[in-house]
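Everything below concerns the one structure shown next.
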């Protein structure tokens, strides 16, 4: 599926009085030759994998192969269940599931790269938590995932979703933008509001370095997933209130790409800069290798 711009999505939505998910579904039908029902079935399977990863990742016994991460999802979820959390229930659940998915990935569990393995927790964390909180149907959740895929497709086309090419802003920022748009739509936002939710999320991720300790998708990736799930909710809530990004969504995406191109290689997934070369990180790397 190749969608050139956010403006294209909005133009098509306005022209045919459609939602974003309807526009994206049509584009995918045209590109893949599959029926709408076949595409929806594929997305439904994706959502099932997302829920399984989030559920399994809550397990307190879960540890990564390296031993660097594990247990924080269960720790925070118990904190929330004991009513000690500062965040509201939606944000607390989203953070729990985002952490859980990322920890499950680090423990070699099956996840959905949405859009990448490093940022795989944000979208499912937000969507699963919102479904629990507000009780919308699986069909609505699938529509929201289709919306998210459209936003991700534009970012991949106009910029990049690769940490090696654009830093963590390209991974976590993209995942956050996709989640914000998905949540905005499932909560009744207009097409324009959904795209501005994505822009608000992405613009507040600009410049984020990709600096994995020991080159593994664990530190700081796991906890970033939790934090950026909350940011996606904040962006969606602002957009639903009518708050818009001063810089249009397509221009925010273009700016992200330009920043990524100007980032030094040491903070683009090489583990040669940032947190990856702190004394603690180097000691951890030496223990592992």
*Where does region 6-288 land on Rg/Rh, using Cα atoms and the Kirkwood Rh?*
0.97
_What distance in nm lies between label points placed 7 Å from Cα along the C-beta direction at residue 137 and residue 15?_
2.9
*Based on the inverse mean of 1/r over its pairs of different Cα atoms, what is the Kirkwood hydrodynamic radius of region 38-78, in Å?*
11.6
*Gain upon complete extension [residue 78, residue 234; 0.36 nm per residue less C-alpha separation]*: 53.9 nm
*Per 5 Å bin, what percent of the C-alpha pairs of region 191-244 does each bin hold, from zero upward?*
4, 20, 23, 18, 14, 10, 7, 3, 0
_Longest to shortest principal axis, alpha-carbon extents of region 175-289, angstrom_ = 51, 27, 15
*Could the peptides 146-155, 235-244 be put in order, highest first, of the mean number of other beta-carbon atoms found within 10 Å of their residues?*
146-155, 235-244
*Where the Cα atoms of region 10-112 are projected onto their three principal axes, how long is each span, largest first, in whole Å?*
48, 31, 20
*Would you mind checking region 103-130 for residues with the amide N under 18 Å from a putative spin-label position 7 Å along Cα→C-beta of residue 61?*
103-110
*Over the chain, what is the relative contact order in whole percent, taking alpha-carbon pairs under 8 Å and six or more residues apart?*
20
*Which order do peptides 7-19, 64-76, 169-181 fall in by mean Cβ count within 10 Å, highest first?*
169-181, 64-76, 7-19
*Go through 194-200, 216-222 and give me the packing order, highest mean Cβ count within 10 Å leading.*
194-200, 216-222
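Only the coordinates and a few stated rules stand behind these numbers; no lab work does. This structure is a prediction, so every number in the text was calculated from the model and none was measured. So basically every Cβ, Gly included, is an ideal-geometry build from the backbone, and we count neighbours across all protein chains shown.
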